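Read the structure below first, then the notes.
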Amino acid sequence: MSQLTFDSFTKKIYIKSTMEKLYWCWGTEAGICSWFLRSAVYTSTSGERRKPEDQFQAGDSYTWMWHNWDGEEKGTVLKANGSDFLEISFADSKVSVSLEQHETAVLVSLKQHQIPTDETSKLNIHHGCSNGWTFWLANLKAYLEHGILLNETEFDLRNIPLSGYEFVNM
């Protein structure tokens, strides 16, 4: 068994969908905003904004904005093979998503790695992102298998202290 450490974590879930649909959900503006983000902008290395249905490419930059959080995340697409693997810079670390076809479902494996191990990063990145990705992967499954979204969009949670740590569906 691998040892658990603060510099990385892995989350996995089986989702009954196609590889193509799952890659679209991760690798396009339209896809990632359908289940995860309020807004996403991908910009090519030549400075052109990608169209919502276009797959992002390695080298693209991104800006993500969530529901119920006024901040934004900016990063770079590090790898994108167009079918079953992508990797981005994210929150002073890297996030990779791999898709593996199984009999009736696709195994989605998300790994966040190269996380700094100072106390602030342990709390905000390791703990915060690990909890967050657990919810968002379940939300992706609910969306693709049952057509429902579990994230909170009706109530404004932005002015509630610690809402990002206490609400399970941010």
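The values are calculated or read from the model by the stated rules, or taken from the named source; none is laboratory data. Keep in mind that what you see is a predicted model, and the values were worked out from it rather than measured. We place every Cβ from the backbone using ideal geometry, glycine too, and count neighbours over all the protein chains shown. SASA here: full protein model, heavy atoms, side chains in, ligands and nucleic acids out. Shrake-Rupley method; radii C 1.70, N 1.55, O 1.52, S 1.80 Å.
Scanning for something open to solvent by less than 80 Å² (accessible area, probe 1.4 Å), touching a Gly at 6+ places or on another chain (Cβ under 7 Å) and part of a strand (DSSP E or B), does the stretch 110-127 turn up at least one residue?
no
Name the residues in the stretch 125-142 that are within 11 Å of the chain's Cα centre (by Cα) and of a type in the set (A, V, I, L, M, F, W, C), would you?
C129, W133, F135, W136, L137, L140, listed by residue number.
Residue by residue through the stretch 43-75, note down the ones that are open to solvent by 30 Å² or more (accessible area, probe 1.4 Å) and at positive phi.
Selection gives G47, G59.
Can you confirm whether A80 is more than 18 Å from G31 (Cα to Cα), surrounded by 15 or more Cβ atoms within 10 Å (Cβ to Cβ), among the hydrophobic types (A, V, I, L, M, F, W, C) and modelled with pLDDT of 95 or more? Quick ask: steps written out before the conclusion?
Values: more than 18 Å from G31 (Cα to Cα): no; surrounded by 15 or more Cβ atoms within 10 Å (Cβ to Cβ): yes; among the hydrophobic types (A, V, I, L, M, F, W, C): yes; modelled with pLDDT of 95 or more: yes.
When the stated conditions are applied, A80 does not pass them.
Do you know which of the residues in the stretch 156-170 that are assigned to a loop (DSSP other than H, G, I, E, B) and open to solvent by 100 Å² or more (accessible area, probe 1.4 Å) is nearest to L137 (Cα to Cα)? I'd like the intermediate steps shown before the answer.
So the first thing to find is which residues in the stretch 156-170 are assigned to a loop (DSSP other than H, G, I, E, B), and the list is 156-162, 167-170.
Imposing the further condition that a residue be open to solvent by 100 Å² or more (accessible area, probe 1.4 Å) reduces the set to 158-159, 161-162, 168.
On the way: R158: 22, N159: 25, P161: 25, L162: 22, V168: 12 Å.
Among those that are assigned to a loop (DSSP other than H, G, I, E, B) and open to solvent by 100 Å² or more (accessible area, probe 1.4 Å), it is V168.
Residue check: is Q101 more than 30 Å from E48 (Cα to Cα) and surrounded by fewer than 17 Cβ atoms within 10 Å (Cβ to Cβ)? Spell out the reasoning first.
On the way: more than 30 Å from E48 (Cα to Cα): yes; surrounded by fewer than 17 Cβ atoms within 10 Å (Cβ to Cβ): yes.
In short, yes.
Name the residues in the stretch 7-51 that are among the small types (G, A, S) and either in a strand (DSSP E or B) or touching a Gly at 6+ places or on another chain (Cβ under 8 Å) (or both), would you? Break it down into steps so the answer makes sense when it comes.
Step one: list which residues in the stretch 7-51 are among the small types (G, A, S), which gives 8, 17, 27, 30-31, 34, 39-40, 44, 46-47.
Answer for the stretch 7-51, where residues must be among the small types (G, A, S) and either in a strand (DSSP E or B) or touching a Gly at 6+ places or on another chain (Cβ under 8 Å) (or both): S8, G27, S39, A40, S44.
Quick check on this structure: which one of A138, A142 is free of Cβ contacts under 8 Å to residues at least 12 places away in the same chain and part of a helix (DSSP H, G or I)? Outline the logic, then answer.
On the way: A138 fails: free of Cβ contacts under 8 Å to residues at least 12 places away in the same chain.
Going through A138, A142 in turn, the sole match is A142.
Scan the stretch 137-170 residue by residue and report those that are in contact with a strand residue (DSSP E or B) (Cβ under 9 Å, 6 or more places away or on another chain) and among the hydrophobic types (A, V, I, L, M, F, W, C).
Those that are in contact with a strand residue (DSSP E or B) (Cβ under 9 Å, 6 or more places away or on another chain) and among the hydrophobic types (A, V, I, L, M, F, W, C): L137, A138, L140, L144.
Given the options F90, F85, name the one that is within 30 Å of G59 (Cβ to Cβ), hydrophobic (A, V, I, L, M, F, W, C) and open to solvent by 50 Å² or more (accessible area, probe 1.4 Å).
Values: F90 fails: open to solvent by 50 Å² or more (accessible area, probe 1.4 Å).
Step by step, each of F90, F85 is checked, and only F85 is within 30 Å of G59 (Cβ to Cβ), hydrophobic (A, V, I, L, M, F, W, C) and open to solvent by 50 Å² or more (accessible area, probe 1.4 Å).
Which of the following residues is in a strand (DSSP E or B), at pLDDT 95 or above, over 22 Å from S17 (Cβ atoms) and among the acidic types (D, E): E73, E100, E87?
Values: E100 fails: over 22 Å from S17 (Cβ atoms); E87 fails: over 22 Å from S17 (Cβ atoms).
Matching residue, one of E73, E100, E87: E73.
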